[in-house]
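Working notes for the structure below.
The values are calculated or read from the model by the stated rules, or taken from the named source; none is laboratory data. As the structure is a computational prediction, the values presented were derived from the model and not from experiment. In this analysis, Cβ positions are derived from the backbone assuming ideal geometry, glycine residues included, and neighbour counts consider all displayed protein chains. Please note that ligands, DNA and RNA were not included when accessible areas were found on the heavy atoms of the full protein model with its side chains. Shrake-Rupley method; radii C 1.70, N 1.55, O 1.52, S 1.80 Å.
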Amino acid sequence: MAEKQIEIELKMRIDPKHVNRLKQAPVLREVKEGRRLSTTQLVSIYYDTPKLSLSRKGLAIRVRKKGATGWEQTVKASNGLRAALPERQEWTVELEDGELDLAKFTDTDVLALLDKLTKNKKIDRIFETDLARTSVDLGYRDAVMELAIDQGVVRAGTREAPISEVELELKEGHPATLFDLALELQRTVPLYLSLRSKASRGRSLYFDEPPTFYRADPVGLQADMSAEEAFRAVIAQGLSMILGNEVCVRQDLHLEGCHQMRVGMRRLRVAFSLFRHNLPAGEAVLIRRLLKSCTKGLDALRDWDVFLGETLPAIEQRFPDRAETGEHGPNAELRKAAEGQRALAFKAAIAMLESSDYQQLCLLLGAWSSYSRWASGASAAQMRAMSAPIGELAEPLLERARKRMAKRGNKVGELGIAGLHAWRLDVKQMRYACDFFYEIYGGKAVKKFRSSLAELQDILGQLNDAAVAETRLSILQSALSKQGLIGVGRIAGWYGARADYRLQGIASAWKEFDKQKPFWR
């Protein structure tokens, strides 16, 4: 093995109960070319400073025992997980025993990196993984790759967590083949794209960090990026929002996780809509359909979370149940009925996460964020547009979004419920377009424009909350007593009054926004 190499791998989660089926997948029988799966016990010990300063700078140091064949130590350097296929520089040397010895490296690049990041720092054993790795080399299309199935635990002190993963590591060929094979394997067993390394899981255990929700970071666009690079960065950000919040939904942890997961999906729907003229039909249309269906799977859960966490508490504070009514007061009855509906919505959300649509969506988004998969079937004009600097494409995209919003905004006084809902979607598209591209412009004009747009979106959002609450309350009515229906009336009246108040300010909010000079002109 060469001391220095580039690691390109695709990582997916698998339920242990599906591992045997995976091994018998028809596509594997075709591409193993007579090779047998072999299993090795791997014990890997990860080192860092007590505050994990090395990992925060993208450096991982590992000592590994491979069955009975001896020890090796590895240093991995990464620029972060921008896409589903992070490329890491990796250096590995053999060890006589399991003692860390960084002086064993001879490559000048890794020595310079270690000197910069580890000099005069205390390096400790932080966590370890203990895995059974079943692997085989595959020849798939024009590529050579290793399939590895890892099952075991990651352990930090007395805490441990299970690991069950499938990794496809590219040895020769194009990254597209990793995703193509993964999509074929997905037809046999459920496989879930994962952006979390074993090291990141170990660090969370080390700090005893519970899962939390993930909000979008700035996309990180720069003016000299091509439109393609920018588009892929937007997809990578949306994918991070989806996968970063999935655990919150699965384990029913932070309510914000469901909201942020939906936001990630909606941002991606807007991104594909904005760029649609520059993308060939086919897979882009499929992704938009999958995004729509998967978002829908979270809608009811989010709506009931808002009702139980925001709407009903406000009503309970303003109109508390009388003490003598106990569990039969209007608010108590409404809460019990809503909690029942929320439980059904949670089951629907889990069903979406277990669906083949969701698995396929994540892998396709991973592929689109990792390489130029979008270009398959693209016209010459589309190729030219996507290779141009992002500034050249962002301006017409932003202008188109603003004109679409202005078309209804200029007639805001004439809009009914359906018209206001459609306008809210126009405003949201404008908002997300600004979120995608504002970094390449900068300046006070951007801040002022986005602030005015946020005010408009807030008003329309509250009007939409009223419409959603009315729809959800109608589901409850058949199961409510007279007391419960009193509670429905209170909420309907409260929302009606708020909606009337906010409607009075919508025209002036649009007028204020319309005065803002677009920051891209």
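So, residue 242, is that one of a type in the set (Val, Ile, Thr), closer than 30 Å to residue 469 by Cβ, in contact (Cβ under 8 Å) with a residue 12 or more places away in the chain and buried (at least 22 other Cβ atoms within 10 Å of the Cβ) or not? Yes.
Pairing residues of the stretch 399-415 that are free of Cβ contacts under 8 Å to residues at least 12 places away in the same chain with residues that are open to solvent by 40 Å² or more (accessible area, probe 1.4 Å), at Cβ distances under 7 Å and at least 6 apart in sequence or on separate chains, gives 415/408. Here residue 378 clears all of (1) open to solvent by 10 Å² or more (accessible area, probe 1.4 Å); (2) under 30 Å from residue 223 (Cα atoms); (3) part of a helix (DSSP H, G or I) except the condition numbered (3). Provide a single number: the residues in the stretch 193-219 that are touching a Leu at 6+ places or on another chain (Cβ under 9 Å), open to solvent by less than 80 Å² (accessible area, probe 1.4 Å) and charged (D, E, K, R). Residues meeting the conditions: 2.
The single residue among 146, 165 that is within 21 Å of the chain's Cα centre (by Cα), in a strand (DSSP E or B), closer than 25 Å to residue 77 by Cα and not polar (S, T, N, Q) turns out to be 165.
Taking the criterion of being open to solvent by 20 Å² or more (accessible area, probe 1.4 Å) and either within 21 Å of residue 370 (Cβ to Cβ) or not hydroxyl-bearing (Ser, Thr, Tyr) (or both), the residues of the stretch 177-191 that qualify are 180, 183, 184, 186, 187, 190.
For residue 322, are the conditions met, namely being free of Cβ contacts under 8 Å to residues at least 60 places away in the same chain and either surrounded by fewer than 19 Cβ atoms within 10 Å (Cβ to Cβ) or among the aliphatic types (A, V, I, L, M) (or both)? It is true that residue 322 is free of Cβ contacts under 8 Å to residues at least 60 places away in the same chain and either surrounded by fewer than 19 Cβ atoms within 10 Å (Cβ to Cβ) or among the aliphatic types (A, V, I, L, M) (or both). Taken over the stretch 390-417, residues that are open to solvent by less than 60 Å² (accessible area, probe 1.4 Å), touching a helix residue (DSSP H, G or I) at 6+ places or on another chain (Cβ under 8 Å) and either assigned to a helix (DSSP H, G or I) or modelled with pLDDT of 95 or more (or both) amount to 12. Screening the candidates 109, 137 for the property of being over 14 Å from residue 11 (Cβ atoms), open to solvent by 20 Å² or more (accessible area, probe 1.4 Å), of a type outside the set (Ser, Thr, Tyr) and not in a strand (DSSP E or B) yields one hit, 109. Scanning for something farther than 29 Å from residue 220 by Cα and touching a helix residue (DSSP H, G or I) at 6+ places or on another chain (Cβ under 7 Å), does the stretch 268-282 turn up at least one residue? Looking through the stretch 268-282, none of the residues is farther than 29 Å from residue 220 by Cα and touching a helix residue (DSSP H, G or I) at 6+ places or on another chain (Cβ under 7 Å). There is no residue in the stretch 485-508 that is out of contact with any Pro (no Cβ under 6 Å at 6 or more places or on another chain), of a type in the set (Lys, Arg) and outside any helix (DSSP H, G or I).
If you check residue 366 against the conditions, is it at pLDDT below 95 and either within 22 Å of residue 262 (Cβ to Cβ) or open to solvent by 10 Å² or more (accessible area, probe 1.4 Å) (or both)? No; evaluated as a whole, the condition is false for this residue. Given the conditions (1) surrounded by 18 or more Cβ atoms within 10 Å (Cβ to Cβ); (2) in contact with a Ser or Thr (Cβ under 7 Å, 6 or more places away or on another chain), which single one is not true for residue 121? Here residue 121 clears every test but (1). Per the listing 141, 159, 125, 155, the residue uniquely out of contact with any helix residue (DSSP H, G or I) (no Cβ under 9 Å at 6 or more places or on another chain) and basic (Lys, Arg) is 125.
With the condition kept exactly as written, say whether any residue in the stretch 250-267 is in contact with a Pro (Cβ under 6 Å, 6 or more places away or on another chain) and among the β-branched types (Val, Ile, Thr). No; the residues of the stretch 250-267 include none that is in contact with a Pro (Cβ under 6 Å, 6 or more places away or on another chain) and among the β-branched types (Val, Ile, Thr).
Listed by first and then second residue, the pairs with beta-carbon distance under 9 Å, at least 6 apart or on different chains, first residue in the stretch 272-287 and open to solvent by 40 Å² or more (accessible area, probe 1.4 Å), second among the charged types (D, E, K, R), are 276/288; 283/373; 285/276. Could you say whether any residue in the stretch 289-312 is assigned to a helix (DSSP H, G or I), in contact with a Pro (Cβ under 9 Å, 6 or more places away or on another chain) and buried (at least 18 other Cβ atoms within 10 Å of the Cβ)? Checked the stretch 289-312: no residue is assigned to a helix (DSSP H, G or I), in contact with a Pro (Cβ under 9 Å, 6 or more places away or on another chain) and buried (at least 18 other Cβ atoms within 10 Å of the Cβ).
Every residue in the stretch 494-515 that is more than 17 Å from residue 408 (Cβ to Cβ) and at pLDDT 85 or above, please. Passing the criteria: only 515. Is it the case, given these coordinates, that residue 424 is part of a helix (DSSP H, G or I) and over 23 Å from residue 217 (Cα atoms)? Yes; evaluated as a whole, the condition is true for this residue.
Within the stretch 471-484, being buried (at least 16 other Cβ atoms within 10 Å of the Cβ) and assigned to a helix (DSSP H, G or I) holds for 472, 473, 476, 483, 484.
Of all residues in the stretch 32-71, those that are open to solvent by less than 70 Å² (accessible area, probe 1.4 Å), closer than 19 Å to residue 134 by Cα, in contact (Cβ under 8 Å) with a residue 40 or more places away in the chain and not in a loop (DSSP other than H, G, I, E, B) total 5.
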